[in-house]
Amino acid sequence: MLSLLGFSMVAVFMYLIMSKRLSALVAIMIVPIIFGIIGGFLTDLGPMMAAGVEKVAMTAIMILFAILYFGIMIDTGLFDPLIAKILQLVKGDPLKIVIGTAVLSMMVALDGDGTTTYIITVSSLLPLYKRLGMNRLVLATVAMLSMGVMNMTPWGGASAMAMASLGLDSSELFIPMIPVMGIGLVWVIVAAFMLGKMERKRVGVIELEPIQKSGGSQFDTKPELAATAEVAHYKRPKLVWFNLGLTILLMVCLILDFMSLAILFMIAFGIALLVNYPDIKLQQERIAVHSKNALAVVSIVIAAGIFTGIMSGTEMIDAMANTLVAIIPDALGPYLTVIVAFLSAPFTFFMSNNAFYFGVLPIISQAAEAYGVSAVEIGRASLLGQPVHVLSPLVAAAHLLIGLVETEFGDLQRFALKWAFGTVVVMTIAALVIGVITIG
């Protein structure tokens, strides 16, 4: 009975958010409460929900300050010298341009926001692609490949949801994934190299001539950084080395894992805000600008505490897992990590991350324990499909990218899917070799 109630709850939850009858934020709170009442747990729901929210609190805090920190770094112009250097180096060589696209999109994607990544990358490099007659699908594909790997950061959304739904800490789930992400980024460079070679063969290397424009002579392929020009008065070019040093120190501390990620990002954000924007009004303005992105992710994570709290407290998740274990052939049990890694690609393509990580993943994880597969390995495996997820029409930032490069969704999917799936394969193999996920 509990199993039936649990599967019904997940089905209703997924239907409501995929049909857009309810927002994910509302559905993830209201649906489990209703089913908890139906199951006769009315008087116990309060403590269950409180326990669930407490489990995800530190994850939510970490995501909040990570988004604010990287937002401030973009505001200050930390990546502007990199953009300028890339534009200076690539010149008229399509191979260099595509590799430069990969490097730039990786750096900007550190904040985990696809919208920001696509706007800055495309606005900086699209004039070059147009000038040389290069395929704009290459620009969109490389930016998406970078975003697909970087979306695995906790503040990018997928890791945060996996941690919230499985009750894991970032040091358990995310830190071991960093080498795998590194190998994924190397693959993105390799893919960019192959795509660049194809473009160089198709259009050749073109010598760029300077043209006269109002205000002086400049190369017509050195685009104005439209994405950053609007907030020029927030730039801090004199503090670029300080901001770079602070970011590198933060990344080192994150890898060393000697302190909670939430605390690390809180401290780093406080230092960055104080040094770059001593004026309190300016601090408040910059926080307000990035609060929208932060609120969208953090609110879902906190609300997920209600969902997971009720699922665990009522023991619906246990009953559902037992049902799933009875269905899965014993021979496949030891391979569940690899199965989840590859299934997460189509699952998160055809359904939202919310539906997959909160509706499907907890059930698989609980079932996997019967075969000796830990929840943390299932959680790590579930992240490996993100390079395909970013191609989904359910991802709002993907529609923005389509508009920026002026192409059709179907054309991009046909062109990029094999490269995105290649990223999934490479990272899955890397995860197995490194021991981040295991078989048997």
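The values are calculated or read from the model by the stated rules, or taken from the named source; none is laboratory data. In this text the structure is predicted, and so the values were computed from the model without any measurement. Quick reminder, even Gly has a Cβ in these numbers, built from the backbone with ideal geometry, and neighbours come from all protein chains shown. Just the protein is used for accessible areas: all its heavy atoms, side chains included, with ligands, DNA and RNA removed. Shrake-Rupley method; radii C 1.70, N 1.55, O 1.52, S 1.80 Å.
For LYS55, the solvent-accessible surface computed with a 1.4 Å probe is close to 150 Å², ligands and nucleic acids excluded. In this view, the solvent-accessible surface of GLU315, computed with a 1.4 Å probe and all protein chains in place, comes to about 100 Å².
Against the chain, whose longest principal axis is taken from its Cα atoms, helix 396-405 shows a tilt of about 20°. Of all lysines in the structure, the ones whose alpha carbon falls short of 18 Å from that of LYS418, not counting any fewer than 8 places away in one chain, are LYS197. Can you give the net charge of the other residues whose Cβ lies under 13 Å from the Cβ of VAL376, counting K and R as +1 and D and E as -1? Here the count lands on -3.
Counting only alpha carbon atoms, the long axis of helix 80-90 and the longest principal axis of the chain meet at about 60°. Highest GNM mean-square fluctuation among LEU145, LEU256, LEU417, for the chain modelled with Cα contacts below 10 Å: LEU256. Accessible surface of TRP419, taken over heavy atoms with a 1.4 Å probe and every protein chain present, rounds to 30 Å².
Computed from backbone phi, the HN-Hα couplings of the range 175-182 come to 3, x, 7, 4, x, 5, 4, x Hz, rounded to whole numbers (Karplus: 6.51 cos²θ - 1.76 cosθ + 1.60, θ = phi - 60°; Gly and Pro given as x). An ellipsoid equivalent to the chain, defined through the eigenvalues of its Cα gyration tensor, has semi-axes of 40, 25, 19 Å when rounded to whole angstrom and sorted largest first.
Based on the Stokes-Einstein relation at 10 °C and a viscosity of 1.306 mPa s, and on the Kirkwood radius from alpha carbon pairs, the range 348-409 is assigned a translational diffusion coefficient of 121 µm²/s. Spread over its residues, the convex hull of the C-alpha atoms of the range 124-199 is 87 Å³ per residue. For the range 66-106, list residues with backbone N below 13 Å from a point placed 7 Å from the Cα of ILE287 toward its Cβ? Zone members listed by number: 68-69. Mean-square fluctuations from a GNM of the chain, with a 10 angstrom spring cutoff on Cα atoms, peak among GLU377, GLU406, GLU369 at GLU406.
Per residue, the chain reaches -23500 deg cm²/dmol at 222 nm when only DSSP H runs of four or more residues are counted, each adding -39500 (n - 2.57). Within the same chain, lysines fewer than 8 places from LYS292 are excluded, and of the rest, those with a Cα less than 21 Å from its Cα are LYS20, LYS235, LYS281. Measuring spread by the Cα atoms of the range 327-375 yields a radius of gyration and Dmax of 10.9, 30 Å. Relative to the longest principal axis of the Cα atoms of the chain, the long axis of helix 114-132 lies at roughly 30 degrees. Taking 0.36 nm per residue of separation and subtracting the Cα-Cα distance, full extension of the segment from LEU89 to ASN322 would add 78.1 nm. Please report the carbon-and-sulfur percent of the accessible area for the range 1-136; probe 1.4 Å, protein heavy atoms only, DNA, RNA and ligands left out. With neighbouring chains kept in place, the figure for the range 1-136 is 71 percent. State the Cα centre-to-centre distance between the range 18-83 and the range 344-373 in whole Å. Between the Cα centre of the range 18-83 and that of the range 344-373, the gap is 18 Å. Accessible surface for the chain, divided over its residues, is 42 Å² per residue with a 1.4 Å probe. Here the translational diffusion coefficient of the range 259-374 follows from Stokes-Einstein with Rh set to the Kirkwood radius across Cα pairs; for 37 °C and 0.692 mPa s it amounts to 187 µm²/s. Summing charges over all other residues whose Cβ lies under 9 Å from the Cβ of PRO94, with Lys and Arg as +1 and Asp and Glu as -1, gives +3. With R₀ fixed at 22 Å, the C-beta to C-beta distance from ALA57 to VAL26 puts the FRET efficiency at about 0.60.
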